[in-house]
């Protein structure tokens, strides 16, 4: 379980995350929705212990991401925003590096599952955007983490690649707790079974995905407009 | 941590620029010593060791400027800090990788004592202690340069800051600065100067006070670098 309790984060005078609380349950795929600058990425970084909250409490399982950072990072797979990669490395080299960091020697299986079998010997800089995203996703999956935190996993991809990644996320969500952020409403509709809408650092909705088609868009517009 | 060190080394050595810098260091180190060797008329490597700090002043910032600056610019620092490695492991891995690069570069200068050994007798302990001194000096330069690399996304700024600050610490206690500073201030700063401590090594003297100075300097700047990473909020 990931638990956030009254978490806030200030950058100087600016409140990036404002008193947010939520709790995850096993097997949930949580769509973390919000406009640009809403606080989605900051919240994800707080969960990982990459940033320290200004106030509030976070726990991943029984661990605090600041006090027990290493323990938390062993349980969480993370795909950062814009998918930063070591471009000069070969795919095989990079995934092996990640695998050694996470003490896992099954990275080849992950690479094949994600569709990287044919490009293992290529340099990451030579890959298309879609394949680079798969490398980032494979890196997040190595170590068989209990929790996956994916920051805009389909960002910049063509519709076909987006569909493939969404299918993969849905498949993974059967066994893992996934939080993925997006500002593409149709993506949240297609993949998530729970929505958290965040706007100006505050959670404005936390609940089930609306059943009717286009319901996510209506809900998003309503909640964000109300907040404005 | 071996995994991290291997990744750092492959980052330097998979890049042609890494090889160019190492080879240029080797060429200049050999050239500047050999050109005056027969003029000096003495089979001593002391002039070579006294020259090395000035070469390291440019060489080390040029290899460390990418360490953190490039990671911050490309945001791969977020990848590194969300792997199950502590900030201490990350900093130490980068530091040890740079030390290995320095050792590789210094090995290109081994031709000098080996050549002298063929021509005449040289006092080997003096040479060994000299190289130990260079390694400690190089490690000190690396620790400070790593710190400045962690301060900025811009590699050029990292290089310039490191070079300028190292230059000033090098010339502390030098005759050049002595002519400008009051005696009392000069005497205060001399024990903090690299040359004050490094000189002993060039004479073949293993002074533990100087070893302590270098170890403290290295520890201080590695500690500060770790703090910078920990306080990344």
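Which FRET efficiency value, to the nearest 0.05, is calculated for residue A:62 and residue B:211 with the Förster distance at 51 angstrom and r the Cβ-Cβ distance?
Working: r = 45 Å, r/R0 = 0.88.
It comes to 0.70.
When you restrict to C-alpha pairs under 8 Å that are six or more residues apart and normalise by the size of the range A:53-130, the relative contact order lands at 29 percent. Helix B:155-171 and the longest principal axis of the C-alpha atoms of chain B enclose an angle of approximately 40°. Just so you know, the averaged projected area of the alpha carbon convex hull for the range B:2-230 sits at 13.6 nm².
Of all DSSP beta bridges located in the range A:80-218, what percent are antiparallel, nearest 5? Present the calculation step by step, with values, prior to reporting the outcome.
Details: 7 of 12 bridges.
If we restrict to bridges inside the range A:80-218, about 60 percent are antiparallel.
Extent of the range A:1-90 along its three principal axes (Cα atoms, max minus min coordinate, largest first): 42, 30, 26 Å. What is the distance in Å between the Cα centroid of the range B:95-168 and that of the range A:16-54? A separation of 45 Å, based on Cα centres. Residue B:219 versus residue B:180, label points 7 Å from Cα toward the beta carbon: distance in nm? Placing both labels 7 Å along Cα→Cβ, they lie 3.2 nm apart.
Relative contact order of chain B, please, whole-number percent, based on alpha carbon pairs below 8 angstrom and at least 6 residues apart.
Details: 258 pairs, mean separation 63.6, N = 233.
The normalised contact order for chain B reaches 27 percent.
Spin-label model, residue B:165 to residue B:232: label points 7 Å out along the Cα-to-beta-carbon direction sit 2.0 nm apart. The C-alpha atoms of chain B define a longest principal axis, and helix B:16-40 lies at about 10 degrees to it. Take the alpha-carbon centre of the range A:131-146, take the same for the range A:155-228, and report the distance between them in whole Å. For the range A:131-146 versus the range A:155-228, the Cα centre distance is 20 Å.
If a/c stays under 1.5 just call it rounded; otherwise compare a/b with b/c (prolate if a/b is bigger, oblate if not). Do that for the protein assembly as shown, with a ≥ b ≥ c from the square roots of the Cα gyration tensor eigenvalues.
Prolate shape, in that a/c is at least 1.5 and a/b is the bigger ratio.
Antiparallel versus total DSSP beta bridges in the protein assembly as shown: what percent is that, nearest 5? Roughly 50 percent of the beta bridges in the protein assembly as shown run antiparallel, per DSSP. Under 8 Å for C-alpha pairs, at least 6 residues apart: give me the relative contact order for chain A, rounded to a whole percent. Over chain A, the number comes to 27 percent. How far is helix B:46-64 tilted off the main Cα axis of chain B, in degrees rounded to 10, range 0 to 90? The helix B:46-64 is inclined about 10 degrees to chain B.
Bear in mind that the values in this text are calculations on the coordinates, not laboratory data. Source: prediction; values computed, not measured. Quick reminder, even Gly has a Cβ in these numbers, built from the backbone with ideal geometry, and neighbours come from all protein chains shown.
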